[in-house]
Amino acid sequence: MISCTEFIPLYSELFKFLEKAGGYDAVMDYWYYISERGIGNKNNKNSLISFLERYKDDPMEGAWKYWEMALTEEACDLLRVYNQEKGYIISHMRHCPSRGMLNSLEHVEPYHDYCQHCNVIYWPVLDRYGLESRRDNTWAENAECRSMIFRKGEDPGIDLATVRDEDIPRQGCRVMDMKASDNKYLHRDFHFHGDLALRYLGEHFGENGVRSFLTDYVNNFYAPLLADAKERGLVAIQEWIQRLYTVEEAQELLSCTLEGETLTVRISESPAIRHLRATGTEPCQYYIEQTRTLYSAMADSLGLSFNLSYYDDTGKAEFSFTTRKYPGVR
């Protein structure tokens, strides 16, 4: 399983994969795909369009409530002001946890135009409900941006590149002023977008494309984990898997047993699949590769044997890693 807390690097690495395969146009195609199938998916009760539809008589309210949920779960550091009288929402992302996470990684570079996806994916959905948006990414490389949503034809004319927090009127407005430390970073809907990534890859590149991408992802993003496992052996993989299920608040679903040269992992239910179904989404046919390909690619990189002995449509699974007697592998 790829934890929802590790989805952002997958996103960034996928953009690189697509650009290498088909240029920037391929990346744009994917962004429009997730705008329609993700942000604009009415079957997902947590999507932007579902919030706008629930408040279709007042779509600004729907937009406010959608981002109130999402930005809280992402543990953002931001100021967000909703001026209902003048009909706009202005947001200063003082520190974006997504871009901030990418910036903090020393072994992989963020996709060169990572923050542009926010400009692309939201406006088609907002437009259907009579709303427009503007965004300024001047400081995106520092994990900072400013954005605004307003009714069509009623742009308040605020210069996002120069406006300061103290210049934003707050009297009579609704205000979110959050620090990252105020909330836990656990945005489970990233599981939905992880599934959507595999779905897109499968539709455009087939099963081999899904496996190829995930194998590259393992060798790039998980390079520090692989180095740790080469040094400490199977216990490093065990600790990493246990940590994933702890941050997902799903420890009760996991059992890990390390005996001699074999690490056996049993999962009674996937917390990711459970969340997908709770929000109205069936995982795609390629979702199994988040287990089968992900862990087998790790094993191949480490010279281990990997065996997936059981997997069902709830994500219930049993698999094992076994040490081979190769030099340099403990």
Task: Highest-first arrangement of 255-267, 169-181, where packing means the average Cβ count within 10 Å - done: 255-267, 169-181
- [ ] Report the local net charge at residue 137: Lys and Arg +1, Asp and Glu -1, summed over other residues whose C-beta lies under 13 Å from its C-beta.
- [x] 0
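Please get the size of the charge dipole for the stretch 10-127, origin at its Cα centre, with Cβ charges of +1 on Lys and Arg and -1 on Asp and Glu, quoted in debye to the nearest 20.
Charge dipole of the stretch 10-127: 200 debye, to the nearest 20.
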TODO: Take each of the peptides 50-57, 194-201, 288-295, average the number of other beta-carbon atoms within 10 Å over its residues, and list them starting from the highest.
DONE: 194-201, 288-295, 50-57
Open item on the list: Give me 275, 187 sorted ascending by neighbouring Cβ count inside 10 Å, so fewest comes first.
Closed with: 275, 187
Open item on the list: Given the DSSP H assignment, sum -39500 (n - 2.57) over each helix run of at least 4 residues in the chain and divide by its residue total; what's the result at 222 nm in deg cm²/dmol, nearest 500?
Closed with: -13500 deg cm²/dmol
TODO: Go through the stretch 85-99 residue by residue and turn each phi into a ³J(HN,Hα) via Karplus (6.51, -1.76, 1.60, θ = phi - 60°); whole Hz please, and just put x for glycine and proline.
DONE: 5, 9, x, 8, 10, 10, 10, 10, 7, 5, 8, 7, x, 5, 5
Open item on the list: In whole Hz and in residue order, list the ³J(HN,Hα) couplings for the stretch 11-26 that follow from phi through the Karplus curve 6.51 cos²θ - 1.76 cosθ + 1.60, θ = phi - 60°; x for Gly and Pro.
Closed with: 4, 5, 5, 5, 4, 5, 4, 5, 5, 5, 7, x, x, 5, 4, 5
Task: Reachable lysines, given that their alpha-carbon falls under 21 Å from the alpha-carbon of residue 65 and they are not under 8 places away in the same chain - done: 42, 45, 56, 86, 152, 179, 184
TODO: Would you please name the chymotrypsin sites (Phe, Trp or Tyr not before Pro) within the stretch 211-291 that are DSSP coil residues with at most 13 other C-beta atoms within 10 Å of their C-beta?
DONE: none
Open item on the list: Can you compute log10 of I(q)/I(0) for the chain with the Debye formula, treating each Cα as one identical point scatterer, at q = 0.07 Å⁻¹?
Closed with: -0.32
Open item on the list: If I take every Cα pair under 8 Å that is 6 or more residues apart in the stretch 118-217, average their sequence separation and divide by the length, what percent do I get for the relative contact order?
Closed with: 14 percent
Task: Approximate spin-label separation residue 107-residue 252, in nm, with each point projected 7 Å along Cα-to-Cβ - done: 3.4 nm
- [ ] Using a/c under 1.5 as the rounded threshold, could you call the stretch 47-182 rounded, prolate or oblate? The axes a ≥ b ≥ c are square roots of the C-alpha gyration tensor eigenvalues, and prolate needs a/b larger than b/c, oblate otherwise.
- [x] prolate
- [ ] Give the peptides 133-144, 80-91 in descending order of average Cβ contacts within 10 Å, highest first.
- [x] 80-91, 133-144
- [ ] Please label the shape of the stretch 190-323 as rounded, prolate or oblate, based on the square roots a ≥ b ≥ c of the eigenvalues of the alpha-carbon gyration tensor (a/c under 1.5 means rounded; beyond that, a/b larger than b/c means prolate, else oblate).
- [x] oblate
Task: Spin-label model distance (nm) - residue 184 vs residue 170, 7 Å beyond Cα toward Cβ - done: 2.8 nm
Task: aspartates and glutamates whose Cα lies under 13 Å from that of residue 20, excluding same-chain neighbours fewer than 8 positions away - done: 216
Task: Net charge of Cβ neighbours under 9 Å - reference residue 280; Lys, Arg +1; Asp, Glu -1 - done: +2
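Each value in this text was obtained by applying a stated rule to the coordinates, not by laboratory testing. None of these values were measured; they are calculated from a predicted model. FYI the Cβ positions are ideal-geometry reconstructions off the backbone, even for glycines, and counts take in every protein chain you see.
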